[in-house]
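Since every read-out is calculated from the coordinates, none of them should be taken as a lab result. Source: prediction; values computed, not measured. No Cβ is skipped: glycine too gets one built from the backbone with ideal geometry, and neighbour counts run over all protein chains shown.
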Amino acid sequence: MILQILSIQVNREEIIMAGKAKVVLTDYVWESLDVETRTLAGVAELVALQTKKPEEFVHEARDCDALLNTYAGPITAEVMAKMPRCKIIARYGIGVDTIDLEAATQAGIIVTNNPTYCIEEVAEHTMALVLACARKPVFYDRLVRGGRWEVPPGKPMFRLAGSTLGLVGYGNIARQVAVRAAAFGMRVLYCDPFVKGGQFDAPGKKMELDEMLRESDFVSLHPPLMSETRKMVSDEAFSRMKPTAFLINCARGPIVDTDALVRALDAKKIAGCALDTTDPEPLPDPHPLRGRENVIINPHVAWYSEQAMAGLQAGAPNEVRRVLTGEWPVNVVNRAVKEKNRAGL
């Protein structure tokens with residue numbers, strides 16, 4: 001595949017002659033690279049690509065000093081072995097499930113993420129999906145667009161006040177969801193093995209997962225994607241939920257067993273779901289989840305706002321600049337790498 005090099009760049013020989021570091025950007029979803037170019041000015045030259053898989057960017061990255069990454073991956077031990085000079089892989093987003101962190105640590109490559117740029121956005125979007133499930137504005141909009149002006153097809157509907165929201169995970173985003181849900185008069189429960197009851201000044205009562213599933217009218221997912229959470233929402237989990245409950249996912253698609261979700265909807269084990277993330281992503285067309293009146297699907301947009309975009313775009317390049325100028329980065333994911341990092345920081 002011919003790589004599309006879309007930003008200001010110089011070729012490899014010019015970079016070497018200039019004595020500057022080389023930073024490769026695997027892919028991006030914004031219109032301008034002014035932030036990256038400005039942030040790295042005087043320190044490194046940027047080679048910006050639009051790729052999806054490692055084999056499409058690794059040739060250009062074989063002599064890079066840093067890798068900026070949005071979605072392209074997975075970045076495995078094999079890929080890292082082909083980038084012997086790479087000191088840092090800086091992800092623009094929060095999740096790092098596409099990067100082999102253990103391999104990066106062993107290779108001395110620092111991995112960073114951007115954990116705070118869209119907390120408010122995802123919390124707000126989660127509540128928007130909760131409201132959409134409870135009050136059904138999406139359903140009624142489709143009804144009216146189809147020429148019908150009727151109330152009964154959307155029944156039953158319920159008020160949020162007095163209902164119960166269960167949060168799987170109680171990190172930064174989930175706690176902001178809890179604050180917003182409490183403002184609607186909802187009872188908030190959460191399960192998180194890494195959080196003690198009362199540890200944070202945010203609404204919520206800690207419970208074990210099974211008990212929380214049984215009591216929740218809405219179950220919202222907020223854990224990171226890792227081996228322990230992959231497909232954790234399975235047939236077993238759905239069997240514990242109320243038949244009137246809704247599943248909300250603004251985290252990662254593979255946390256939910258998609259086949260189990262389809263089975264749960266078919267068997268009416270749950271009332272419906274609202275998904276900002278799916279597995280796979282994008283969701284194929286046709287797919288058993290598409291076309292259902294009790295299913296809302298968004299194209300992984302919960303993170304986005306104009307404000308969040310500014311924070312997203314600035315985070316990773318600044319981490320790269322820190323490393324290339326001899327500073328330790330702010331948001332290191334694989335902290336054990338400090339003892340053996342290639343940058344010698």
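Below is a table of values for the structure above.
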| quantity | calculated |
| --- | --- |
| Net lengthening on full extension, D285/E78 (0.36 nm per residue, minus Cα-Cα) | 71.2 nm |
| Rotationally averaged projected area of the stretch 8-156 (alpha carbon convex hull; nm²) | 12.6 |
| Summed residue charge, Cβ within 11 Å of G204's Cβ, Lys/Arg positive, Asp/Glu negative | +2 |
| Contour minus Cα-Cα distance for E208 and R145 (0.36 nm per residue) | 18.4 nm |
| Rule-of-thumb Rg ratio for the stretch 119-297 [Cα; 2.2 N^0.38 Å; N residues] | 0.99 |
| Ranked by how many other beta carbons lie within 10 Å on average, peptides 224-236, 116-128, 164-176, 43-55 from highest | 164-176, 116-128, 43-55, 224-236 |
| Cα-based reach from K52 at 26 Å (exclusive), listing lysines while leaving out same-chain residues under 8 positions away | K22, K82, K87, K231 |
| Euclidean distance between Cα centres, the stretch 231-275 to the stretch 76-119, Å | 31 |
| Top positive-direction residue, dipole computed over the chain with Cβ charges, set G311, V130, P280 | V130 |
| Local electrostatic count, Y140, Cβ distance below 15 Å [Lys/Arg +1, Asp/Glu -1] | +3 |
| The stretch 262-292: trypsin sites (Lys or Arg not before Pro) in DSSP loop, at most 12 other beta carbons within 10 Å | K268, R290 |
| Per-residue HN-Hα couplings for the stretch 131-138 [Karplus 6.51, -1.76, 1.60; θ = phi - 60°; Hz; x = Gly/Pro] | 4, 5, 6, 6, 9, 6, x, 5 |
| Sequence-distant residues sharing a close amide H with I296 (under 5 Å, placed H) | C273, A274, L275 |
| N334 long-range amide H proximity, modeled H, under 5 Å | V111 |
